[in-house]
Amino acid sequence: MAVKHLNQQAKEESGIFLTGSDAKKVFSMFSDTQDKKRVTQKQEKLNALLSKTIQIATR
Amino acid sequence: MPSIISLSDIPRSKFDKLKRSFKCSNTQLQEHIVQYAYSHQKIGLFQTYFYMDDEENYLGYISVAPATIQRDSIEDEIDIPNSIKYSIPALKVTRLCTFDGYCRQNVGSSLMLFSTILGAIQQKVIGCRAIIVDSKPEAVDFYKHLDFKEINQTEDSDTIFMVNDILKPKELEESIEQMVLFCEVFNQKELIELLKS
């Protein structure tokens, strides 16, 4: 398993190359057969973060 | 109210005056904003945005770039779904900085949420499925709080690769209304039409 930068000369701006279990871990995240519960949790989390930030900015 | 301002909307003469006030204890982040960010933007490489408060103080910045997540060929022992045969288009947060004296004012979180909005727009326009960062070890918990998943340390540096799946377009629709409100509050009105399209 490994996480490598595609461009060693500019790591900060570089894309990522994955192998082994790291590749599996990341690419499984984008599967069509994602757990609906996980999707709902992510939607709720994002909406909560956006709402909180809007509240802080407008108070 | 605070605003998010693109570096490209700041004239060079104004930026040269402003940058004298940018103070960041991380010398790499300081050097990037003072020396490189403007020229990167000018030649169309990477985009930088500032967080500005209602008194026009600049509190921090975020730089972003399109990037891809690529992988080795599928091996028998790796059960990568067949539906994912391609590289994953992503938006990479290349730098995130809160200037000295402005920590714990939600600056970093606001800029990171803005990057998710940019990712959503990139998804609509050219494709994007994730926001990615190379996190310093001390920032991992911050990104986890923003729903990033810790993957592993990169082989060639001390950073930790982290991914936030921004979901499919249909799933992301649930958040468009809040994103539009965010853009109204932070004066990024030109993005609203793109979000609604």
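The values are calculated or read from the model by the stated rules, or taken from the named source; none is laboratory data. Here the structure is a predicted model, which means the values were calculated and not measured. Cβ placement follows ideal geometry from the backbone for every residue including glycine, while neighbour counts extend to all protein chains displayed.
Exactly one residue among B:E184, B:E171, B:E177 is facing another protein chain (nearest Cβ under 7 Å), part of a helix (DSSP H, G or I) and over 18 Å from the mean Cα position of the chain (by Cα), and that residue is B:E171.
The single condition among (1) charged (D, E, K, R); (2) in a helix (DSSP H, G or I); (3) free of Cβ contacts under 8 Å to residues at least 24 places away in the same chain; (4) more than 23 Å from B:Y51 (Cβ to Cβ) that B:K124 does not satisfy is (3). Quick one: is A:L18 under 17 Å from B:H145 (Cβ atoms) and of a type in the set (A, V, I, L, M)? Judged against the criteria, A:L18 is not a match. Among the residues that make up the range B:168-191, is at least one of them within 17 Å of B:S63 (Cα to Cα), of a type outside the set (D, E) and free of Cβ contacts under 8 Å to residues at least 60 places away in the same chain? There is no residue in the range B:168-191 that is within 17 Å of B:S63 (Cα to Cα), of a type outside the set (D, E) and free of Cβ contacts under 8 Å to residues at least 60 places away in the same chain. Residues in the range A:26-43 that are surrounded by fewer than 19 Cβ atoms within 10 Å (Cβ to Cβ) and assigned to a helix (DSSP H, G or I): A:S28, A:K36, A:K37, A:R38, A:V39, A:T40, A:Q41, A:Q43. With respect to the conditions (1) facing chain B (nearest Cβ under 7 Å); (2) modelled with pLDDT of 95 or more, A:K52 falls short on a single one, namely (1).
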